[in-house]
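For reference, the structure discussed in these notes is given below.
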Amino acid sequence: MTTPLDALPSDLAAAHAMILAERARANAASASADAMIAHLRLEIEKLRRALYGVRSERKARLLEQMELQLEELETAAAEDDLLAEQAAAKTRSAPRPQRKRPSRKPFPAHLPRERVVIPAPA
């Protein structure tokens, strides 16, 4: 998710809602891919049954094409899952950056020191 910094919410509730919406979109896409994979597996099984019943070149080509499409979808789904896991791991394991405290060197001892006290207004 790449969002310009101006579009990011400033309050916690809005940020939480944005994260939940993004997760819902990712789950919907994953469910859609899973449904497509299941549908293609069913179609491939039907075509295999038809292929061994009555041999047909058209069915054989269609079967090969659907197997290729299934393989591509499974590969894409696996890559998406891997990227999601890597992104989640990166956000979970990223350490908070330590603030560098400004460091001052002590005032040199050889320089004269003068203390001035300013009275508070009455």
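Taking segment 61-106 as the search range and keeping residues that are within 24 Å of residue 32 (Cβ to Cβ) and of a type in the set (Gly, Ala, Ser), which one is surrounded by the most Cβ atoms within 10 Å (Cβ to Cβ)?
The extreme case among them is 77.
Is there a residue in segment 27-36 that is open to solvent by 90 Å² or more (accessible area, probe 1.4 Å) and without any contact (Cβ under 8 Å) to a residue 24 or more places away in the chain?
Within segment 27-36, the first condition is being open to solvent by 90 Å² or more (accessible area, probe 1.4 Å), and the residues that meet it are 27.
Retained after the next criterion (residues that are without any contact (Cβ under 8 Å) to a residue 24 or more places away in the chain): 27.
Scanning segment 27-36 turns up at least one residue that is open to solvent by 90 Å² or more (accessible area, probe 1.4 Å) and without any contact (Cβ under 8 Å) to a residue 24 or more places away in the chain.
Could you tell me whether any residue of segment 107-121 is modelled with pLDDT of 85 or more and surrounded by 10 or more Cβ atoms within 10 Å (Cβ to Cβ)? Break it down into steps so the answer makes sense when it comes.
Residues of segment 107-121 modelled with pLDDT of 85 or more: 108-121.
Subset that is surrounded by 10 or more Cβ atoms within 10 Å (Cβ to Cβ): none.
No, segment 107-121 contains no residue that is modelled with pLDDT of 85 or more and surrounded by 10 or more Cβ atoms within 10 Å (Cβ to Cβ).
Select from segment 39-60 the residues that are open to solvent by 60 Å² or more (accessible area, probe 1.4 Å) and under 30 Å from residue 81 (Cα atoms) and list them in ascending order.
39, 41, 42, 45, 46, 48
The values are calculated or read from the model by the stated rules, or taken from the named source; none is laboratory data. Keep in mind that what you see is a predicted model, and the values were worked out from it rather than measured. Don't worry about glycine lacking a Cβ; one is built from the backbone with ideal geometry, like all the others, and counts go over all protein chains shown. The accessibility values were calculated without ligands, DNA or RNA, using every heavy atom of the protein model including side chains. Shrake-Rupley method; radii C 1.70, N 1.55, O 1.52, S 1.80 Å.
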